[in-house]
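The values are calculated or read from the model by the stated rules, or taken from the named source; none is laboratory data. Predicted model only: the values in this text are computed from it and were never measured. Backbone-built Cβ (ideal geometry, glycine too); neighbour counts: all protein chains shown.
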Amino acid sequence: MALIGILLAAGTLVTLAYAGYILFRDRQFQTGSSPGMLPFLPKVATENKQIPADTDHVDLVFEAHIADKFDREEYRLVHWRRDRKSKKNVPHETFQPALSFQLADNSSIQFSIECQYAPGFTNTNAIEIFPDQVEKYYAYQQQNNRVVFVILGVGGSPEKPERIYVVPLNDIPRKQEYLPASYLSRYRKLDLKSNFFLLPERMLLI
């Protein structure tokens, strides 16, 4: 019992420390004191942590998990969206996916990623997506001439999903409301421990 108490206390301290870091980063962004290139987000390595049923928090944790899967020596995180609560009111021309990267040795090669986590597939064995948001990503991709990928996490927890799918935006039909598991299977990342890697000549994220 004493060991369980110690573990619970340690988990609480880790959660509070992470929350404190996020609040500190938010204040930096709001005051404009952050550098041009954003540092990578901290790793979230609390396997048994209970994730609150708060959409913004779940999004934040999943985005942090995805950002941590890019080697900071090869990629630079140049944008991390902070305005989730207002995204329904953002016009098409300014709506930006969650994360944007550029190659560390070639700033002209940039790409963006929208992250979406789901606890599981629907009862029809699919993942729900939102056509209005997809349309905004298409507009962003065209106006900024920047390839967009949608990374879906399914099952497990936001910091350790059971499945990850990396889908090029161009492969998502417009007006589509659900992506069946059978369709997503071709985009599944099989090695969840490996980092993401961009093939620049094909603009393919693996």
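Only a single criterion out of (1) exposed (fewer than 15 other Cβ atoms within 10 Å of the Cβ); (2) within 14 Å of Pro97 (Cα to Cα) is not satisfied by Leu190, namely (2).
When Phe149 is tested against (1) under 13 Å from Pro97 (Cα atoms); (2) buried (at least 18 other Cβ atoms within 10 Å of the Cβ); (3) modelled with pLDDT under 95, only condition (3) is not met.
Residues that are of a type in the set (A, V, I, L, M, F, W, C) and loosely packed, with under 13 Cβ neighbours inside 10 Å within the range 119-146 comprise just one, Phe130. The listed residues are Arg186, Arg174, Arg202, Arg163, and the only one of them that is touching a residue at least 40 places away in the same chain (Cβ under 8 Å) and not aromatic (Phe, Trp, Tyr) turns out to be Arg174.
The test for being closer than 22 Å to His57 by Cα and free of Cβ contacts under 8 Å to residues at least 12 places away in the same chain does not hold for Glu114. Of the set (1) surrounded by fewer than 16 Cβ atoms within 10 Å (Cβ to Cβ); (2) part of a loop (DSSP other than H, G, I, E, B); (3) modelled with pLDDT under 95, all apply to Ser108 but (2).
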